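No value in this document is a laboratory result; all are computed from the given coordinates. No experiment lies behind these values; they were computed from the predicted model shown. Cβ placement follows ideal geometry from the backbone for every residue including glycine, while neighbour counts extend to all protein chains displayed.
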Amino acid sequence: MSENRVAVVSIIVENTDCSEKLNALLHDFGDHIIGRMGVPHRPKKISVLSVVMDAPQEVVNALTGKLGMIEGVSAKTLFSKY
């Protein structure tokens, strides 16, 4: 595996019925998660999450890909240079 990098995974949840799947997936990657913050936007009935990770790029990409397979969830990642 490659060297660890710090990354932020930004997640928008448009289908709150998938929260259990989302939380289970984040739990599976918990060893690599430094912290997370979720903000509900009740008027639009969506939630916005930021997940900060310290992990190999392949692990972060695996999480992002699995998140994208959950209906109603969008995810994008920003990597640090270090």
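What the table below lists for this structure:
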{"item": "For 69, 53, order by how many other beta-carbon atoms lie within 10 Å, fewest first", "result": "69, 53"}
{"item": "Exposure proxy order (Cβ contacts within 10 Å, fewest to most) of 16, 64", "result": "16, 64"}
{"item": "Built amide H within the under 5 Å cut-off of residue 70, gap 5+", "result": "none"}
{"item": "Exposed-loop-free span, longest in the chain, where trypsin sites (Lys or Arg not before Pro) count as exposed if DSSP calls them loop and at most 12 other C-beta atoms lie within 10 Å", "result": "1-44"}
{"item": "Under Karplus coefficients 6.51, -1.76 and 1.60, residue-wise ³J(HN,Hα) of segment 16-23 in Hz, glycine/proline x", "result": "5, 5, 8, 4, 5, 4, 4, 5"}
{"item": "Kirkwood hydrodynamic radius of the chain, from inverse mean 1/r over distinct Cα pairs, in Å", "result": "12.8 Å"}
{"item": "Residue-by-residue Karplus 3J(HN,Hα) for segment 69-78, coefficients 6.51, -1.76, 1.60, Hz, glycine and proline x", "result": "7, 7, 4, x, 10, 10, 9, 9, 10, 10"}
{"item": "Nonlocal amide H pairs with residue 46, under 5 Å, H built at 1.01 Å", "result": "41"}
{"item": "At most 15 other Cβ within 10 Å, DSSP loop - GluC sites (Glu not before Pro), the chain", "result": "3, 14, 71"}
{"item": "Residue among 23, 15, 61 with the largest mean-square fluctuation in a Gaussian network model of the chain, springs linking Cα atoms under 10 Å", "result": "23"}
{"item": "Chain lengthening between residue 12 and residue 48 when straightened (0.36 nm per residue, less Cα-Cα)", "result": "12.5 nm"}
{"item": "Label-point gap, in nm, between residue 58 and residue 36 - each point 7 angstrom along Cα→Cβ", "result": "2.3 nm"}
